[in-house]
Amino acid sequence: MKKRHPNHRLIKIHRSYTVEEIAELFGMHKHSVRQWVKVGLATCDAKRPMLILGRDLVAFLQARRVKNKQACKPGEIYCVGCRAPKSPAEDWAEYKSITEKTGNLIAICPDCNSIMNRRVSLAKIEQVRGGMDISFSVASEHIVESIKPTVNIDLR
């Protein structure tokens, strides 16, 4: 199974690896590792077998991750379908609380019409808001906490 983001914590930095060992470690094909070498992964020398230092591999993978990260600005939510931060459709989002202090902003992507989510702290919601209108959903009342008993109760 090919992994989109190989876990750099599996690599020992004081060890050298062959292309095949790296491929086996991450569960990917050796041609993928050779492609990394072509795009900039440093090797010890040009001779075969190609040896790659663990610290060079860790640095390469971390640099790839940082390069692909996209931070959301105020008023934006990351759309997984479009793979980019976007302003929600009609600049509207709904806040659903998870705990007392955190919750999710839920909105619709204007381009692909999929659901977008962003975890946000209630204390920082004004910083995240930007130009969005945010509606706060009120939790439904539990039956035990209600003043009026339900019609379906038979207390005889």
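Since every read-out is calculated from the coordinates, none of them should be taken as a lab result. Remember, predicted model here, so these are calculated numbers, not experimental data. When we count neighbours, we look across all protein chains shown, and the Cβ atoms used for this are built from the backbone with ideal geometry, even at glycine.
Observations on the model:
- Looking only at the stretch 44-67, and only at residues there that are in contact (Cβ under 8 Å) with a residue 12 or more places away in the chain and in a loop (DSSP other than H, G, I, E, B), the one that is farthest from the chain's Cα centre (by Cα): P49
- Within the stretch 77-122, being of a type in the set (S, T, N, Q) and in a strand (DSSP E or B) holds for S97, T102, N104, N117, S121.
- Here Q70 meets the list (1) more than 23 Å from H5 (Cα to Cα); (2) in a loop (DSSP other than H, G, I, E, B) almost entirely, failing just condition (1).
- Among the residues of the stretch 49-72, those identified as aliphatic (A, V, I, L, M) and closer than 14 Å to Y17 by Cβ are M50, L51, I52, L53, L57, V58, A59, L61.
- The set of residues in the stretch 97-117 that are closer than 19 Å to Q127 by Cβ and surrounded by 13 or more Cβ atoms within 10 Å (Cβ to Cβ) comprises S97, T102, G103, N104, L105, I106, A107, M116, N117.
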